[in-house]
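Remarks on the structure that follows.
The values are calculated or read from the model by the stated rules, or taken from the named source; none is laboratory data. Nothing here was measured: the structure is a model prediction, and the numbers come from that model. Methodologically, a virtual Cβ is constructed for each residue, glycine included, from the backbone with ideal geometry; neighbour enumeration extends over all protein chains shown.
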Amino acid sequence: MELTAEQRALRDAIRGLLVRDQPAEGDIWRRLTEIGVPGLAIPERYGGAGAGPVETHVAAEELGRDLIPSPLLGSAVLAGQALLAAGDDAACRRLLPAIAAGSVAALAWTTAAGHWDPAEVACRATPAASDWILHGDAHYVLDGDTADILLVAARTAEGTGLFEVDAGHAGVSRAAVTTMDPSRRLAVVRLDGAAGRRIGGPAGRALARARDLACVALSAEQVGAARRALDMTVDYTKVRVQFGRPIGGFQALQHRMADLHVLVESARSLSYAAVRAAGEDAQDAGLRAAAAKVYCSEALQRVAAETIQLHGAIGITWEHAAHRYLKRAHGTAQLFGRPAEHVARIATEIIDRV
């Protein structure tokens, strides 16, 4: 997919911020907010830029290149798009301007099994006099320990619903968990009698839409990380000398790196095809999102493994960046559902159409 002039300018602005300016980790989100990244896919009437998922995709790919820790995926994509898809205008007007301005939102959803299935949520909600009361332990909550805005997917007697919960409520406890990928913040959110405010009606479709958009944005991160890992490997083979010549001159290694290049470019093509389908709300957008999640997960895992091997002993040292890409590969493969689960989604839908 060819980027427009505006999308290329966005890409260059983000890359310049991350590469040339090199902001400290604590300043990254503030600097990204200054150039409007959190609000890219939020409509203008809710305080956003009114761009779309492709622009968010461009941003995610750039952040993935250098494994930049940011709440873009969990806040602007997963939580923000769940809000939009819920169709509650009052809730959107109340919450989305803050998200677009850089406040971090988190969506507490899945159980410890990590299936990210709209029909399988970790919490339950029962009606009370003026609001709802929520109980349950939600796992793998992106930025859940630090979020300003907390959304919860919970079971009700009528099905799955979406709720806004005061993150500072006495019935809410949040704890960061140790992750394989230290650049990805995950938490367990425990609700014990927390008061919740209902957002919209049945939330199954809204959650499915948000999950698919999150899978697509995650695939952009994976493509960016795979490309950066491959570039780093190619550069290393040009300076690492063995048997009196750079190892990049050996045909066997050239073939391996050429195969990885084809893999990365095909993953990028599929990722952008998926985001284009999502932006057009195409009928097969969910299938494309699942396919992008599967293929890009496997592509990054293969590239990261080859990066470790082609760097030799230095690739497994703590000081070198190679191990960070391997950790990101394994972590993202599990997020929003394992690849095998998305393959099953694709197979089920194809069979149902026959």
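Given the structure, is Ser75 among the polar types (S, T, N, Q), closer than 26 Å to Met180 by Cα, touching a residue at least 40 places away in the same chain (Cβ under 8 Å) and assigned to a helix (DSSP H, G or I)?
Taking the combined requirement at face value, the residue satisfies it.
Counting just the residues of region 229-274 that are touching a Pro at 6+ places or on another chain (Cβ under 8 Å) and not hydrophobic (A, V, I, L, M, F, W, C), which one comes out surrounded by the fewest Cβ atoms within 10 Å (Cβ to Cβ)?
Lys238
Every residue, every condition in (1) without any contact (Cβ under 8 Å) to a residue 60 or more places away in the chain; (2) polar (S, T, N, Q); (3) buried (at least 18 other Cβ atoms within 10 Å of the Cβ); (4) farther than 18 Å from Gly74 by Cβ, yes or no:
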| site | (1), (2), (3), (4) |
| --- | --- |
| Ala290 | no, no, yes, yes |
| Val294 | yes, no, yes, yes |
| Leu300 | no, no, yes, yes |
| Val303 | no, no, yes, yes |
| Ile308 | yes, no, yes, yes |
| Ile314 | yes, no, no, yes |
| Ala322 | no, no, yes, yes |
| Thr332 | no, yes, yes, no |
| Phe336 | no, no, yes, no |
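Restricting attention to region 150-171, which residues are buried (at least 24 other Cβ atoms within 10 Å of the Cβ) and hydrophobic (A, V, I, L, M, F, W, C)?
Listed by number, the residues that qualify are Leu150, Leu151, Val152, Ala153, Ala154, Leu162, Phe163, Val165.
Check whether at least one residue in region 221-238 is at pLDDT below 95 and not in a helix (DSSP H, G or I), and report yes or no.
no
Does region 227-246 hold any residues that are more than 25 Å from the chain's Cα centre (by Cα) and in contact (Cβ under 8 Å) with a residue 40 or more places away in the chain, and which are they?
Tyr236, Thr237, Arg240
Of all the helices (runs of 4 or more DSSP H) wholly in region 280-354, which have at least 2 residues that are within 15 Å of the chain's Cα centre (by Cα), modelled with pLDDT under 90 and not assigned by TED's automatic domain parsing to the domain that holds Ala113?
By residue number, no helices (runs of 4 or more DSSP H) qualify.
Within 27 Å of Thr332 (Cα to Cα), within 18 Å of the chain's Cα centre (by Cα) and buried (at least 24 other Cβ atoms within 10 Å of the Cβ): is that true of Ala147 in this structure?
Taking the combined requirement at face value, the residue satisfies it.
If Ala187 meets every condition in (1) touching an Asp or Glu at 6+ places or on another chain (Cβ under 8 Å); (2) assigned by TED's automatic domain parsing to the domain that holds Arg302 apart from one, which number is that one?
(2)
For region 56-85, which positions are in contact with an Asp or Glu (Cβ under 8 Å, 6 or more places away or on another chain) and within 27 Å of Gly204 (Cβ to Cβ)?
The answer is Ala60, Pro71, Leu73, Gly74, Ser75.
Has region 225-239 got any residue that is closer than 30 Å to Ala125 by Cα and of a type in the set (D, E, K, R)?
For region 225-239, residues closer than 30 Å to Ala125 by Cα and of a type in the set (D, E, K, R): absent.
Any idea which of Ala128, Ala112 is of a type outside the set (Phe, Trp, Tyr), out of contact with any Leu (no Cβ under 9 Å at 6 or more places or on another chain), within 25 Å of Gly331 (Cα to Cα) and surrounded by fewer than 16 Cβ atoms within 10 Å (Cβ to Cβ)?
Within the list Ala128, Ala112, the selection yields Ala112.
From (1) surrounded by fewer than 17 Cβ atoms within 10 Å (Cβ to Cβ); (2) closer than 20 Å to Ala344 by Cβ; (3) touching a residue at least 40 places away in the same chain (Cβ under 8 Å), pick out the condition that doesn't hold for Asp284.
Result: Asp284 fails condition (3) only.
Take the residues in region 37-75 that are of a type in the set (Val, Ile, Thr) and in contact with a Lys or Arg (Cβ under 8 Å, 6 or more places away or on another chain); name whichever of them is nearest to Ala278 (Cα to Cα).
Val54
So which residues in region 154-203 are closer than 30 Å to Ala321 by Cβ, in a loop (DSSP other than H, G, I, E, B) and touching a Gly at 6+ places or on another chain (Cβ under 6 Å), if there are any at all?
Within region 154-203, Met180, Asp181, Arg184 qualify.
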